[in-house]
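Novice: Shown below is the structure under consideration.
Values in this text are rule-based calculations from the coordinates and carry no lab data. The model shown is predicted, which means the values in this text are computed figures rather than measured ones. Because the Cβ atoms are built from the backbone with ideal geometry, glycine has one as well, and the counts that use them run over all protein chains shown.
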Amino acid sequence: MRVALTGGIATGKSYCLSKFASLGAPTIDADALAHQAVAPGTAGFAAVRERFGTGVINSDGSLNREALGRIVFSDANARRALEGIIHPAVYAAIQRWFDGLTRSNGRTIGIADIPLLYETGREKDFDAVVVTSCPAELQLERLLSRPNTTREDAERRIAAQLPIAEKAARATYVIDTSGTHADSDRQVTEIWRKLTNA
């Protein structure tokens, strides 16, 4: 069973993914795959340098993610260009990961954390979708608590994604992360029980 975990930025996806993993779920994180897709020496890195120039490359030859972020979250065309470089590599890696699970374990359940699942139109690739959700004010508050994040930057990043309510309306399961960690843990455990009994 292929399960996608998604939601808006700062809605608790990473926390919930770690909880699923602690319950025994094989998991994979699309954000980590996206970093790998544009690591120095990769075709993705070369494509980013060609499209965005040396202004997004640090003096040590690594990718300057802050500089790149400032560009792509203020220019929709630039963001689409970056997504065109990263997303095919990420989805190919997720496909290989699921294929590996099937070969090694027979029927099993794997959970892929994919922040832009709905934005990329790939929800049909999965048997179930779990969405982490919280009120927009709490989402903004959490994002502003991250280092070097201005209100303008936070609002741009939130606006670049589909509204949480829309994602939640399309989900198989929703985890309301506006309460305590214990509240989220209880919901994750209940969803995992339903998935394993499906």
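Novice: If you add up the charges near Q187, with Lys and Arg at +1 and Asp and Glu at -1, over every other residue whose beta carbon is less than 10 angstrom from its beta carbon, what do you get? Don't jump to the answer; show the numbers that get you there.
Specialist: Numbers: positive: K19, R186; negative: D176, D183, D185, E190.
Net charge around Q187: -2.
Novice: May I pose another question? Antiparallel DSSP bridges in the chain: what percent, to the nearest 5?
Specialist: In the chain, approximately 5 percent of DSSP beta bridges are antiparallel ones.
Novice: Counting Lys and Arg as +1 and Asp and Glu as -1, each charge on the Cβ, what is the dipole of the chain about the Cα centre in debye, to the nearest 20?
Specialist: 400 debye
Novice: For the range 30-107, rounded, prolate or oblate, judged on the Cα gyration tensor with a ≥ b ≥ c (square roots of eigenvalues), a/c < 1.5 rounded, else prolate if a/b > b/c?
Specialist: prolate
Novice: Sticking with this one: Determine the sum of side-chain charges near A168: Lys and Arg each +1, Asp and Glu each -1, restricted to other residues whose C-beta is under 14 angstrom from that of A168.
Specialist: 0
Novice: What length, rounded to one decimal in nm, is gained on full extension from K194 through to D176, with 0.36 nm per residue of separation minus their alpha-carbon distance?
Specialist: The span from K194 to D176 would gain 4.8 nm if fully extended.
Novice: Further, regarding this structure: Starting from the Cα gyration tensor of the range 122-198, take the square roots of the eigenvalues, sort them a ≥ b ≥ c, and report rounded, prolate or oblate (rounded when a/c is under 1.5, otherwise prolate if a/b is larger than b/c, else oblate).
Specialist: Cα axes put the range 122-198 in the oblate bin.
Novice: Moving on to the next point. Running a GNM on the chain with Cα contacts under 10 Å, which residue among D60, D113, D153 ends up with the highest mean-square fluctuation?
Specialist: Most flexible of the set in this elastic network: D60.
Novice: I want to check the label-to-label distance for A67 and A46. Put each point 7 Å from Cα in the C-beta direction and report it in nm to one decimal.
Specialist: Result: 2.1 nm between the two label points.
Novice: On to the next question. So if R0 is 25 Å, what FRET efficiency would D31 and N77 give, r being the distance between their Cβ atoms, rounded to the nearest 0.05?
Specialist: E(calc), rounded to 0.05, equals 0.65.
Novice: Around I114, under 12 Å between beta carbons, what's the net of Lys plus Arg minus Asp minus Glu among the other residues?
Specialist: For residues surrounding I114, the net value is -2.
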